[in-house]
Every structure is written in C-alpha cells, then in structure tokens.
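Student: This is the structure I have questions about; it appears just below.
The values are calculated or read from the model by the stated rules, or taken from the named source; none is laboratory data. All values reported here derive from a predicted model rather than from experimental measurement. Because the Cβ atoms are built from the backbone with ideal geometry, glycine has one as well, and the counts that use them run over all protein chains shown. When the accessible area is computed, the model is the full protein with side chains, heavy atoms only, and any ligands, DNA or RNA have been set aside. Shrake-Rupley method; radii C 1.70, N 1.55, O 1.52, S 1.80 Å.
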Amino acid sequence: MAVDEAFLKGRVDTLFDTTFNERDGRVVPTTSDVTLKDGAVKIDATFLYADLAGSAKLSKVCPWSTTAKIIRAFLDCSTRLIIKHGGVVRSFDGDRVMGIFIGDSKNSSASICGREIHWSVRKIIQPSAQKKFQSIRNNSIEIRHGVGIDTGEVRAVRSGVRDNNDLIWIGKAASFSAKLSDIRDVGNHTYISSRVYNKLNKEAKFKEDGSNMWTGTTFSFAGEDETVYKSNQWKKP
C-alpha cells in the first residue's frame, strides 16, 4: 500500500469524520479497552506527572550508562510509589512517567505520592548517585525533579495504526498536570491545581503541627492565570 499525499488526505478526512462511541469508565482503561476505530472512554481522574529535571546536562557530562541508570532509578521509584498509592501507570515519555488515580481519595493519594517521590529523589537517588558515580561528583550535579497533579474529566481515545498505537488523554487534567511538572522552583517540587487542593484530606493538607504545607501561587496556562499550590514538604514512604 502506497502512503502518498492522496492516501494521507483520505485518512485525515476519515479521522475528521469519525463519530466517537463514548462510554463511561469505572476503571482506568488500557489500550485494549478502547476501540481504535472510534472508541472513547470518559473517566473522572487525577493525573500525576513526575518529570526528572536536567536530563540534558546528565547526558552531556555523564557516561550514557550513568544517565540511563539514574533515569531508570527515578522511573522505578516513581512507578512503585504511584502503584503503592492506588494509581496506575499508563505512559512513559523519556524521563517522565504519568500516573492516573481514581476513586474517592484520588487527590489526597496523588499528592502524598508526589511528596514521597520528592523524598525518594532527595534522600535516596541523589546521595546514592553522588556516592556511586564520579561524573556526578565532579560536575556538582544535583538530581532534581518536578511533580504536577490535576484532576477532572478526561477522555481516553486510541491513536495510531494497527500494531502501532496507544492511548491519548484528552482533557485539562492531563495537559495541566504535565505543564506543572515542568516547573523548576528550588525547594518546591510538588505542584497541585486548586481543584486538587480543595479536595485534600487533612493528612494531605496539613503538617503535624496543624500548619498548611501548601503555598498558593499563580501559574499561566493556555492564556489564563490559574491558582496552584506548591509544597516543599517531602514525605518518607
């Protein structure tokens, strides 16, 4: 089959004319749960993106194997913590992982997970890498990351072609959480939307002394200012 201009135009027309067969989801769908032709699954979920910072510098000054080991360690810890707190992992993108949480405690679970990822980076990965790898020590590299969390109604649809496809997530919660994970603010590595903050339980919102562990700030997204909350309070798993 020739893939030329006429063929691609035909495919675009077909895709643009698609009427989605949407259904409500009670669990986070997998790729096989969504029909490639016209499937769409609507869920109310909380999205967590954990993104390793400074990968370009790691690749520049460290042996490739060192960079690979650090990224693997970050994704391994993040994935295990997401699963521990009831989330599921549906996407890896280089040095970034996406977790999805559903259920009544999804916002608190995701925010606590984010703070535990913070602890694992600062208390395990950084000191271990410093001790193990000379290139980390010689270049004074501090391994850092960002976690972004948002909640809302999202649709999962399937994109690609037969044997080469995956789910894509349509909705603000998915895109906004990804943007929040890109923020680089020294000391504050966990960012949540106001929608998440307003649904946190006491354990996820307040320190043991009763003070609030979150600080409000403003973040611009899609041409609008959003109130978001940041925290420098990590949590030991």
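Student: Sort out which residues of segment 38-61 are farther than 30 Å from residue 109 by Cα and at pLDDT 95 or above, and write them in order of number.
Tutor: 38
Residue-by-condition table, conditions (1) touching a Lys or Arg at 6+ places or on another chain (Cβ under 7 Å); (2) open to solvent by 40 Å² or more (accessible area, probe 1.4 Å); (3) assigned to a loop (DSSP other than H, G, I, E, B):
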{"residue": "140", "(1), (2), (3)": "no, yes, yes"}
{"residue": "175", "(1), (2), (3)": "no, yes, no"}
{"residue": "199", "(1), (2), (3)": "no, yes, yes"}
{"residue": "203", "(1), (2), (3)": "no, yes, no"}
{"residue": "208", "(1), (2), (3)": "no, yes, yes"}
{"residue": "235", "(1), (2), (3)": "yes, yes, yes"}
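Student: Any residue in segment 130-147 that is more than 19 Å from the chain's Cα centre (by Cα) and under 21 Å from residue 173 (Cβ atoms)?
Tutor: So in segment 130-147, the residues more than 19 Å from the chain's Cα centre (by Cα) come out as 130-142.
So of that shortlist, the ones also under 21 Å from residue 173 (Cβ atoms) come out as none.
There is no residue in segment 130-147 that is more than 19 Å from the chain's Cα centre (by Cα) and under 21 Å from residue 173 (Cβ atoms).
Student: So, one more: Among the residues in segment 147-160, are any modelled with pLDDT of 95 or more, more than 24 Å from residue 40 (Cα to Cα) and surrounded by 11 or more Cβ atoms within 10 Å (Cβ to Cβ)?
Tutor: Yes, segment 147-160 contains a residue that is modelled with pLDDT of 95 or more, more than 24 Å from residue 40 (Cα to Cα) and surrounded by 11 or more Cβ atoms within 10 Å (Cβ to Cβ).
Student: So which residues in segment 106-132 are surrounded by fewer than 20 Cβ atoms within 10 Å (Cβ to Cβ) and in contact (Cβ under 8 Å) with a residue 60 or more places away in the chain?
Tutor: Once the filter is applied, which keeps residues that are surrounded by fewer than 20 Cβ atoms within 10 Å (Cβ to Cβ) and in contact (Cβ under 8 Å) with a residue 60 or more places away in the chain, segment 106-132 yields 119, 122, 123.
Student: Here's a follow-up. With the condition being closer than 16 Å to residue 151 by Cα and under 14 Å from the mean Cα position of the chain (by Cα), I'd like the helices (runs of 4 or more DSSP H) fully within segment 23-124 carrying at least 3 qualifying residues. Talk me through it step by step, then tell me what you get.
Tutor: Values: elements: 55-61, 64-84, 106-120.
Answer list for segment 23-124: 106-120.
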